Amino acid sequence: MDVRHLQLLRELADRGSITAVAAATYRTVSAVSQQLRTAQRDAGMRLVEPDGRGVRLTEAGRVLAAGGVEVETVLAAVQARWDDYRNHPGGAVSVAAFPSAATLLFPSVLQTTARAGIELRIVDVDLAEHEFAGLTVDHDIVIAHHLGGSEPPGASGLVVRELAVEPLDIAMASTHPLAGQEVLTADDVADASWIGVPEGYPLDTVLTAIAAQLGRPLHVAQRIRDNRLVEALVAGSDHLAVLPRFTTSNSGLTLTPIVEVAARRHLSALMRPDRAQRRAVRTTLEAIADAARTASY
């Protein structure tokens with residue numbers, strides 16, 4: 001059984017198309033297709049089948065793709081032990097993180113990884129919570145945020161390390177009439193005008209919960225991805241917003257807890273099992289976890 005065939009099937013399972021596999025592995029579509037045909041001939045049965053204009057794995061293909069995960073995880077563990085033996089840092093690490101987490105965590109993480117001889121490559125992304133898990137096919141560590149439960153959507157089969165649980169507060173200008181209250185309820189903010197995030201993004205869940213408790217929709221004047229822009233708009237207006245406590249600048253803003261609705265988010269690191277074994281990834285993950293603990297106090 002050719003390990004390269006198992007790796008190819010694993011990539012096809014994760015990426016969903018021959019074209020995507022070819023792009024990720026710097027091969028032509030025809031070269032990937034030829035290798036799939038060779039894998040099927042060696043296996044003695046069909047490993048892929050037509051699916052619209054593309055292909056999907058058969059049950060046999062899925063069995064071997066799962067084997068590809070196991071093989072790559074073992075190989076990565078052996079490489080990690082060898083790096084430990086040689087006291088080698090383990091190479092570059094690619095991290096994808098949503099902007100507020102990157103702002104909070106990575107100034108100190110960059111210093112730690114530089115001292116360890118690791119080249120850290122950071123990509124900032126702002127996505128709906130169910131989209132973060134898909135980034136693990138291209139990045140060693142993905143910093144995700146999500147509201148429901150301790151495991152992000154789509155994280156089955158991934159290594160998940162929870163980093164922090166961050167309260168989500170109601171943000172307002174320091175001059176807002178509600179700024180003097182210690183806590184807020186849904187009734188307190190029922191008639192407010194809001195600066196929200198796109199629907200499906202984690203912070204929008206709080207607005208949905210407030211609306212559900214009130215039994216009527218809220219007035220959302222704007223939906224914006226960038227928290228820093230939301231902060232600026234709220235600080236200069238009578239609008240309210242839901243913003244995370246640890247990662248929000250307090251300049252010109254008052255952050256007030258809301259009670260009676262779920263208002264906290266989980267920050268987690270997501271990794272493929274094989275990449276989680278790498279020495280450089282383990283070192284970087286511990287630096288990220290340390291930074292998250294410090295920011296939570």
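Just so it is clear, none of the values below were taken in a lab; they were calculated from the coordinates. Just so we're clear, the structure is a prediction, and the values are computed from it rather than from any experiment. Neighbour counts run over all protein chains shown; Cβ positions are idealised from the backbone, glycine included.
Extension gain, Arg46 to Glu286: 0.36 nm times the residue separation minus the Cα-Cα distance gives 82.1 nm. The dipole here belongs to the chain: it is taken about the Cα centre, uses +1 on the Cβ of Lys and Arg and -1 on the Cβ of Asp and Glu, and is about 1200 debye.
Under 9 Å from the Cβ of Pro167, count the other residues' Cβ atoms, weight Lys and Arg +1, Asp and Glu -1, and hand me the total. Each step should come with its number before you reach the end.
Working: positive: Arg245, Arg264, Arg265; negative: Glu166, Asp169.
Taking every Cβ under 9 Å from that of Pro167, the sum is +1.
Between the Cα long axis of helix 29-43 and the first principal axis of the chain there is an angle of about 60°, rounded to the nearest 10. How many angstrom lie between the Cα centre of segment 83-103 and the Cα centre of segment 193-253? Distance between centres, Cα-based: 32 Å.
Please report the net charge: other residues with Cβ closer than 11 Å to the Cβ of Ala96, K and R +1, D and E -1.
Taking every other residue near Ala96 into account, the sum is -4.
Approximating the spin labels as points 7 Å out from Cα along Cα→Cβ, the Gln34-to-Ser156 distance works out to 3.7 nm. For the chain, averaging the sequence separation of C-alpha pairs within contact (under 8 Å, six or more residues apart) and dividing by the residue count gives a relative contact order of 24 percent.
With the cut-off at 1.5 for a/c, could you classify segment 91-297 from its C-alpha gyration tensor as rounded, prolate or oblate? Since a/c reaches 1.5 and a/b is larger than b/c, the shape of segment 91-297 is classed as prolate.
Between the beta carbons of Ser193 and Asp226, assuming R0 = 30 Å, the FRET efficiency works out to 0.95 to the nearest 0.05. Amide H contacts under 5 Å for Leu184: Ile258, Val259, restricted to partners 5 or more places along the chain or on a different chain, H placed in the peptide plane at 1.01 Å from N. Here the contact order of segment 3-85, divided by its residue count and restricted to Cα pairs under 8 Å and six or more residues apart, works out to 37 percent. Each of Pro202, Asn227, Ala287 was scored by the projection of its Cα onto the charge dipole of the chain, and the greatest displacement toward the positive side belongs to Ala287; charges sit on the C-beta of Lys, Arg, Asp and Glu.
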